[in-house]
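These notes are about the structure you will find just below.
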Amino acid sequence: MKKNNIYIAILFIAFMAISCDGFLNVESNSALNEKIIFTTEELAESAVMGITVSFAETNSYRSRFLPYYGANTDIEYYNSSEKYPDGKADLVVYATKADNNQMNTTNNAWGKMYEGVERANLAICGLRNSGVADPGTNMGHLLAEALTLRAVLYLDLTRAWGDVPARFEPLANESIYKSKSNRDEIYKQLIIDLDEAQKLAFWPNESKYTKKCNRVNKSFIKALKAKICLIAAGYAQRPDSDLPRLSNDPELERGKMYKMAEKELMDLYNNQKQAGAIEDNFETVFRKLCEEDLTAGGESLWEIPFSDGRGRMAYTFAIRHLAADQYTGLAQGGQIGPTPHLFYDYDVDDLRRDVTCIPYRWSASNPAIQEVNKLNNWNFGKYRFEWMKRRVTSSSDDGLNKQYMRFAEVLLMLAEVKNELYGPTEAAPYLKELRKRAFPENKQKEKVQDYVNRLTSKEEMFQAIVDEHAFEFAGEMIRKEALIRWNLLGEKMRDSKERMRELREIKDRYSDVPSVIYYRNIKAHDNDVNNERLEFYGLNRGEFGEPNDDGKGKFTSKEWIKESELKDDKIESLFVNDPDKYQFWPIWQVFITSSNGMLKNDYGY
């Protein structure tokens, strides 16, 4: 079992129906319960952990928000997108309707996020009023954790829906129905909240509460604040604009936001011994994630926690297992994968490529072997059942955490901020540091030092950062948010369709990609009697012709790139409507109907 199960027994869940001033005018018991709970550390912690329960409930982050928000992009593809319209595909092809059959229920992501917000509001109010939530104290850290979890919820609400109702106080009679707020006001409040939180929070491993990366710490708070600053300073569709634009709020002016982000990011960069740092090996980041190594102070800054029988990260993002086998009792994975061209966009020496883009699946046998997948159905490899230390036996959940942010993003945000404020020379060290672990030692000079040194203009450096973001974070579902704030979503999505057409015809940018691949099964380790691992020849650019006979077994050939493997309907299903005009989901009809006329949809819905 996982050492930290989010389903802490919350004996005081009834408190979640009261507020600091009394919910629906309940008076004396409310005040008494609040005083007891928020002056007793164990009870206060349970109230704060109650916020995370809202992340894990059935139709919340677990099986609705995390699987669908973030797909489709130029690097990530819901592998059943061509089934549009079917409810699930609608959510990713920029053609969602307010009555979507996967989302239009009261217990869905929108509702559960606001449930989490209300729980956070209650905890924040109670801890602030307790008189004991001071800097340097455990109670102060719990207040920081509640403020940060609320910021995460609001950030994700604005990512998915744009302008949303803002509630920063517990519910009362007069605030049950509320119209949408300008998201700029939400961003500004989150920045204020995270300023308060970082003054209260402990660094990783500084407290019993910060020894694991599934609990909030000062490093994550600073990185989250920096990210919100960049989002607030970036482009996005607005209710009053057909196409994305920058904010008109002078407090969110681009230069101010980038300077604010720079301060937080430099605090982290200059304090890596305490704050965290990137792993030396890219694959290790994700092996630790799958092994459920929660040690704080490494690359993982914060993870959404799921219990063993909750959460669908491997279910959605892992390499596909067609049957229960030697690695898993849950035959799932492969719902989201790389766009077919992404593998070929990596430098052939980039060590991240073969961790990220997987051209095989596990066979429908036990024990299973790796078998060739299809060009139109790649898998991501950052989540793998075969890397887990426990066997998944649930029928629909795997319990792996969602890695919400890692230190690699700190480095890339730093490169972006420095380039924007000062130019490419100031940005170069951070881009080099990130690329350094992506290439073997004998390629460092050419593909790290020389590559970055050639980026002599701000535009060249920015384009390199955009590319690096794709290669570093593919499959982590943060690309859509970044493309939106860079005003590149539609442009990159259209380019992705063109890339798929070029790949299918083996021309232009993909003219040196072989159409035929060769493969064989070999031993994965000395005790392997199953020859479970697949070895390829012909996947790399320029690998034409049959492989040499090395006496270790024959290769089988397969026509890999052909029109039937990448049909027009598959390519066109990357997006149905212009992504720049449908950057957000509509508010679901059930919430519009029950809003007493206060809510409505924008953005053409």
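The one condition from (1) surrounded by fewer than 17 Cβ atoms within 10 Å (Cβ to Cβ); (2) among the hydrophobic types (A, V, I, L, M, F, W, C); (3) touching a Pro at 6+ places or on another chain (Cβ under 6 Å) that ILE176 does not meet is (3).
Specify which of the listed residues (LEU599, LEU574, LEU534, LEU539) is open to solvent by less than 30 Å² (accessible area, probe 1.4 Å), touching a strand residue (DSSP E or B) at 6+ places or on another chain (Cβ under 8 Å) and over 22 Å from ILE75 (Cβ atoms).
Numbers: LEU599 fails: touching a strand residue (DSSP E or B) at 6+ places or on another chain (Cβ under 8 Å); LEU574 fails: over 22 Å from ILE75 (Cβ atoms); LEU539 fails: over 22 Å from ILE75 (Cβ atoms).
Result: LEU534 is the single residue among LEU599, LEU574, LEU534, LEU539 that is open to solvent by less than 30 Å² (accessible area, probe 1.4 Å), touching a strand residue (DSSP E or B) at 6+ places or on another chain (Cβ under 8 Å) and over 22 Å from ILE75 (Cβ atoms).
The test for being under 21 Å from the mean Cα position of the chain (by Cα) and either over 30 Å from TRP378 (Cα atoms) or open to solvent by 10 Å² or more (accessible area, probe 1.4 Å) (or both) holds for TYR69. Of all residues in the range 577-596, those that are within 30 Å of GLU505 (Cα to Cα) and exposed (fewer than 13 other Cβ atoms within 10 Å of the Cβ) total 1.
Taking the range 371-413 as the range and being open to solvent by 30 Å² or more (accessible area, probe 1.4 Å) and outside any loop (DSSP other than H, G, I, E, B) as the test, the residues that pass are GLU371, GLU386. In the set (1) buried (at least 22 other Cβ atoms within 10 Å of the Cβ); (2) assigned to a helix (DSSP H, G or I); (3) not charged (D, E, K, R), the condition left unmet by GLY111 is number (1). Just one of (1) under 24 Å from LYS374 (Cβ atoms); (2) not in a loop (DSSP other than H, G, I, E, B) trips up ALA120, so point out which. (1) is the only condition that ALA120 fails.
Mind telling me which of the residues ASP280, ASP293, ASP308 ends up being within 28 Å of ARG391 (Cα to Cα), surrounded by fewer than 24 Cβ atoms within 10 Å (Cβ to Cβ), modelled with pLDDT under 95 and among the charged types (D, E, K, R)?
Working: ASP280 fails: modelled with pLDDT under 95; ASP293 fails: modelled with pLDDT under 95.
Answer to the selection: ASP308.
ASN419: among the polar types (S, T, N, Q) and under 26 Å from GLU459 (Cβ atoms), yes or no?
On the way: among the polar types (S, T, N, Q): yes; under 26 Å from GLU459 (Cβ atoms): yes.
Taking the combined requirement at face value, the residue satisfies it.
Among the residues of the range 61-95, write down those that are assigned to a helix (DSSP H, G or I) and more than 23 Å from TYR154 (Cβ to Cβ).
Looking only at the range 61-95, we keep the residues that are assigned to a helix (DSSP H, G or I), and these are 61-68, 81-83, 89-91.
SER81, GLU82, LYS83, ALA89, ASP90, listed by residue number.
Can LEU301 be described as in contact (Cβ under 8 Å) with a residue 60 or more places away in the chain, surrounded by 23 or more Cβ atoms within 10 Å (Cβ to Cβ) and closer than 27 Å to LEU434 by Cα?
Working: in contact (Cβ under 8 Å) with a residue 60 or more places away in the chain: yes; surrounded by 23 or more Cβ atoms within 10 Å (Cβ to Cβ): yes; closer than 27 Å to LEU434 by Cα: yes.
Judged against the criteria, LEU301 is a match.
Under the condition of being without any contact (Cβ under 8 Å) to a residue 40 or more places away in the chain and more than 23 Å from the chain's Cα centre (by Cα), the residues counted in the range 272-298 number 1.
crowded, with 22+ Cβ neighbours inside 10 Å, touching a residue at least 40 places away in the same chain (Cβ under 8 Å), outside any helix (DSSP H, G or I) and not small (Gly, Ala, Ser) - does that describe any residue in the range 422-443? So far as the range 422-443 goes, no, none of its residues is crowded, with 22+ Cβ neighbours inside 10 Å, touching a residue at least 40 places away in the same chain (Cβ under 8 Å), outside any helix (DSSP H, G or I) and not small (Gly, Ala, Ser).
Quick check on the range 229-241. Is at least one of its residues open to solvent by 20 Å² or more (accessible area, probe 1.4 Å), in contact (Cβ under 8 Å) with a residue 40 or more places away in the chain, in a helix (DSSP H, G or I) and more than 29 Å from GLY311 (Cβ to Cβ)? No, because not a single residue in the range 229-241 is open to solvent by 20 Å² or more (accessible area, probe 1.4 Å), in contact (Cβ under 8 Å) with a residue 40 or more places away in the chain, in a helix (DSSP H, G or I) and more than 29 Å from GLY311 (Cβ to Cβ).
Looking at GLY126, GLY136, can you tell me which residue is surrounded by fewer than 22 Cβ atoms within 10 Å (Cβ to Cβ), under 25 Å from TYR209 (Cα atoms) and at pLDDT 95 or above? So that I can check it myself, show each step before the final result.
Details: GLY126 fails: surrounded by fewer than 22 Cβ atoms within 10 Å (Cβ to Cβ).
After ruling out the rest, the residue left standing is GLY136.
Is there a residue being within 25 Å of GLU82 (Cα to Cα), in contact (Cβ under 8 Å) with a residue 24 or more places away in the chain and of a type in the set (Lys, Arg) anywhere in the range 539-548? Within the range 539-548, not a single residue is within 25 Å of GLU82 (Cα to Cα), in contact (Cβ under 8 Å) with a residue 24 or more places away in the chain and of a type in the set (Lys, Arg).
Determine whether the range 166-176 contains at least one residue that is out of contact with any Gly (no Cβ under 6 Å at 6 or more places or on another chain), assigned to a helix (DSSP H, G or I) and within 20 Å of ILE587 (Cα to Cα). Reasoning before the result, please.
If we filter the range 166-176 for residues that are out of contact with any Gly (no Cβ under 6 Å at 6 or more places or on another chain), which is where we start, we get 166-176.
Next, only the ones that are assigned to a helix (DSSP H, G or I) stay: 173-175.
Narrowing the set further to residues that are within 20 Å of ILE587 (Cα to Cα) leaves 175.
Within the range 166-176, one or more residues are out of contact with any Gly (no Cβ under 6 Å at 6 or more places or on another chain), assigned to a helix (DSSP H, G or I) and within 20 Å of ILE587 (Cα to Cα).
Among the strands (runs of 3 or more DSSP E) contained in the range 465-566, which hold 2 or more residues that are among the polar types (S, T, N, Q), more than 30 Å from LEU411 (Cα to Cα) and under 30 Å from the mean Cα position of the chain (by Cα)? I'd like the intermediate steps shown before the answer.
Details: elements: 516-522, 533-537, 556-559.
Once the strands (runs of 3 or more DSSP E) in the range 465-566 are filtered for at least 2 residues that are among the polar types (S, T, N, Q), more than 30 Å from LEU411 (Cα to Cα) and under 30 Å from the mean Cα position of the chain (by Cα), nothing remains.
Taking the residues in the range 237-277 that are at pLDDT below 95 and in contact with a helix residue (DSSP H, G or I) (Cβ under 7 Å, 6 or more places away or on another chain) as candidates, determine which candidate is nearest to ILE221 (Cα to Cα). The selected residue is LEU243. Regarding the range 347-370, can at least one residue be identified that is open to solvent by 10 Å² or more (accessible area, probe 1.4 Å), charged (D, E, K, R) and touching a His at 6+ places or on another chain (Cβ under 8 Å)? Scanning the range 347-370 turns up at least one residue that is open to solvent by 10 Å² or more (accessible area, probe 1.4 Å), charged (D, E, K, R) and touching a His at 6+ places or on another chain (Cβ under 8 Å). Here ALA233 fits the description: under 22 Å from ASP193 (Cβ atoms), at pLDDT 95 or above and small (Gly, Ala, Ser).
Scan the range 322-344 for residues that are out of contact with any helix residue (DSSP H, G or I) (no Cβ under 6 Å at 6 or more places or on another chain) and either open to solvent by 40 Å² or more (accessible area, probe 1.4 Å) or part of a strand (DSSP E or B) (or both) and the total you get is 5. Of the residues making up the range 80-105, those that are in contact (Cβ under 8 Å) with a residue 60 or more places away in the chain and among the polar types (S, T, N, Q) are SER80, SER81, THR96, ASN100, ASN104, THR105. Condition check: buried (at least 20 other Cβ atoms within 10 Å of the Cβ) and on the phi < 0 side of the Ramachandran plot. Does ILE186 satisfy that? Yes, satisfied.
GLU498 falls short of the stated requirement of being among the acidic types (Asp, Glu), in contact with a helix residue (DSSP H, G or I) (Cβ under 8 Å, 6 or more places away or on another chain) and open to solvent by 50 Å² or more (accessible area, probe 1.4 Å). Of all the residues in the range 139-170, those that are hydrophobic (A, V, I, L, M, F, W, C), within 24 Å of LEU66 (Cβ to Cβ) and open to solvent by 10 Å² or more (accessible area, probe 1.4 Å) number 1.
Go through GLY399, GLY423 for me and flag whichever is over 22 Å from the mean Cα position of the chain (by Cα), on the phi > 0 side of the Ramachandran plot and of a type in the set (Gly, Ala, Ser). Show your work before the answer.
Working: GLY399 fails: over 22 Å from the mean Cα position of the chain (by Cα).
Unique residue meeting the criteria: GLY423.
The values are calculated or read from the model by the stated rules, or taken from the named source; none is laboratory data. Worth saying up front: this structure is predicted, and the values here are computed from it rather than measured. Positions of Cβ are backbone-derived with ideal geometry, glycine not excepted, and every protein chain shown enters the neighbour counts. To get the accessible areas, we keep the full protein, side chains included, count just its heavy atoms, and leave off ligands, DNA and RNA. Shrake-Rupley method; radii C 1.70, N 1.55, O 1.52, S 1.80 Å.
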